[in-house]
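One structure is given here, and the rest of the page talks about it.
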Amino acid sequence: MTVVITGASSGIGRELAVRYSKIADTLYLIARRKEMLLELASELQKNGALIKIYQADVTDFENLRAICRTICEESEKIDIVIANAGVSSEHKNELYDFWEFKKIIDTNLLGIAAIFDIFAHKMINQGGGKLVAISALASFVAFPTTAAYSASKRAVNSFMDSMRLLLEPKNIKVINIQPGFIRTPLTDKNSFKMPFLMELDEASDKIYKAIEKNKKEYAFPFLFSQAAKNISRLPTFIRDAVVKKAISYEKQSRKRS
Ligand SMILES: NC(=O)c1ccc[n+]([C@@H]2O[C@H](COP(=O)([O-])OP(=O)(O)OC[C@H]3O[C@@H](n4cnc5c(N)ncnc54)[C@H](OP(=O)(O)O)[C@@H]3O)[C@@H](O)[C@H]2O)c1
């Protein structure tokens, strides 16, 4: 089995790499921090898979696409591609900075679109495969401080809907993972209280199982995901009121603690 993971140097991507190193023949790991990839590769060698690392920025689209073409050429078959690389930012209560906004869209949305067409062609030719994206529950409810992140992840949902409808008839499983808060370097910098915060190990197990089971969409944890989806369906004025209430509740509980 051959598996490709972007954003494999830390957090969820790293944990998925650990899990797939135990069952894959070849594992391709992509991220910008080479030293962390090298460290991970040497740690995973013992698990049996051949680990190949590529230092790359997923927003350097030409380079990224060249790497993906190389991976396709040298692999007889590619079974799973996990587009996990992502960034977030909180712009407090100020307007977003456009260049920061662009970086988030480039990474979280275009970083996926830049690789899926290449791997989809390969999978069509080989008769099947799995394309996985890591979206977020933040795709369902936008906060005033998450304009870029929520927009990027909502666009990922829409993109994955299109991919699923397009590629399912070609025997390609298109899997959209929508996690709530998970303790990783990405959330470590959050200044607000994160409801239903999950530990990385447990969350990675859930993601791994969802991919195994070919879930079209997997939003978790269950209660938090139901709340987020229900809020997103409310009429705008009620939805705004709920979000404002949640913000003021979070501020008060932070003051208390
Ligand atoms: N943690 C959560 O609560 C949570 C919740 C919902 C969704 N998610 C999503 O899960 C994914 C993984 O996040 P995480 O929590 O594991 O965060 P993380 O620990 O910060 O890991 C992010 C990974 O993405 C890579 N990355 C970021 N920008 C990149 C770029 N331009 N080019 C290449 N690689 C890049 C990073 O590697 P380098 O820095 O080495 O490049 C790193 O390996 C993200 O898409 C995130 O939005 C996370």
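About the centre of its Cα atoms, the range 92-140 shows a dipole size close to 220 debye [charges on the beta carbon of Lys, Arg (+1) and Asp, Glu (-1) only; nearest 20 debye]. Considering the dipole of the range 2-256 built from charges on the beta carbon (Lys and Arg +1, Asp and Glu -1) around the Cα centre, which of Phe143, Thr184, Thr26 is farthest to its positive end? Looking along the dipole axis, the top candidate is Phe143.
Normalised radius of gyration for the range 47-113, please: alpha carbon Rg relative to 2.2 N^0.38 Å, two decimal places. Walk me through the numbers on the way to the answer.
Working: Rg = 15.5 Å, N = 67, 2.2 N^0.38 = 10.9 Å.
Normalised Rg, Cα atoms only: 1.43.
Taking each DSSP H run with n ≥ 4 as -39500 (n - 2.57) and averaging over every residue of the chain yields -16000 deg cm²/dmol at 222 nm. Packing-based ranking of 13-20, 30-37 yields 13-20, 30-37, ordered from highest to lowest mean Cβ neighbour count within 10 Å.
Rg over Rh for the range 114-195 works out to 1.08, both radii taken from alpha-carbon positions and Rh defined as the Kirkwood radius.
Evaluated at q = 0.10, 0.11, 0.17 Å⁻¹, the base-10 log of the normalised Debye intensity for the chain, with identical point scatterers placed on the Cα atoms, takes the values -0.49, -0.59, -1.37.
Taking a straight line from the alpha carbon of Lys173, these aspartates and glutamates sit under 18 Å away, with near neighbours fewer than eight places off in the same chain left out: Asp79, Asp117, Asp161, Glu212, Glu217. When only alpha carbons of the range 1-145 are considered, Rg and Dmax amount to 15.8, 50 Å.
Projecting the alpha carbon convex hull of the range 139-257 along each direction and taking the average yields 8.5 nm².
Could you order peptides 246-254, 45-53 by the average number of other Cβ atoms within 10 Å of their residues, highest first? Intermediate results must be reported in sequence, preceding the final value.
Values: 246-254: 12.3, 45-53: 15.9.
Listed from highest to lowest mean packing, they are 45-53, 246-254.
Ignoring ligands, DNA and RNA, what percent of the 1.4 Å accessible area of the range 2-256 is carbon and sulfur?
Working: 7010 of 12780 Å².
For the range 2-256, the apolar C and S fraction of the accessible surface comes to 55 percent.
Among the listed pairs Lys153/Lys216; Lys77/Lys213; Lys170/Lys229, those with a Cα-Cα distance over 22 Å are Lys170/Lys229. Legend: residue pairs Lys46/Lys206; Lys92/Lys189; Lys22/Lys52; Lys102/Lys245; Lys52/Lys189; Lys92/Lys255, Cα-Cα distance threshold 20 Å; pairs beyond threshold, Lys46/Lys206; Lys102/Lys245; Lys52/Lys189. In terms of its C-alpha gyration tensor, the range 157-209 comes out prolate, because a/c is 1.5 or above and the ratio a/b outweighs b/c.
Determine the dipole magnitude for the chain: charges of +1 sit on the beta-carbon of Lys and Arg, -1 on that of Asp and Glu, nothing else is charged, the reference point is the Cα centre, and the result goes in debye to the nearest 20. Don't jump to the answer; show the numbers that get you there.
Numbers: 38 positive and 29 negative charges, 197 e Å.
Value, rounded to 20: 940 debye.
Think of a 1.4 Å ball rolled over the protein heavy atoms: the chain then has 50 Å² of accessible area per residue. Each of Leu110, Ile78, Ala155 was scored by the projection of its Cα onto the charge dipole of the chain, and the greatest displacement toward the positive side belongs to Ala155; charges sit on the C-beta of Lys, Arg, Asp and Glu. Sorting the segments 125-137, 160-172 by their mean number of nearby beta carbons within 10 angstrom, highest to lowest, gives 125-137, 160-172.
The values are calculated or read from the model by the stated rules, or taken from the named source; none is laboratory data. Quick caveat: nothing in here was measured; it's all calculated off a predicted structure. Every residue, glycine as well, gets a Cβ built from its backbone with ideal geometry; the counts of neighbours run over all protein chains shown. Protein only, heavy atoms only, side chains kept; ligands, DNA and RNA dropped before computing areas. Shrake-Rupley method; radii C 1.70, N 1.55, O 1.52, S 1.80 Å.
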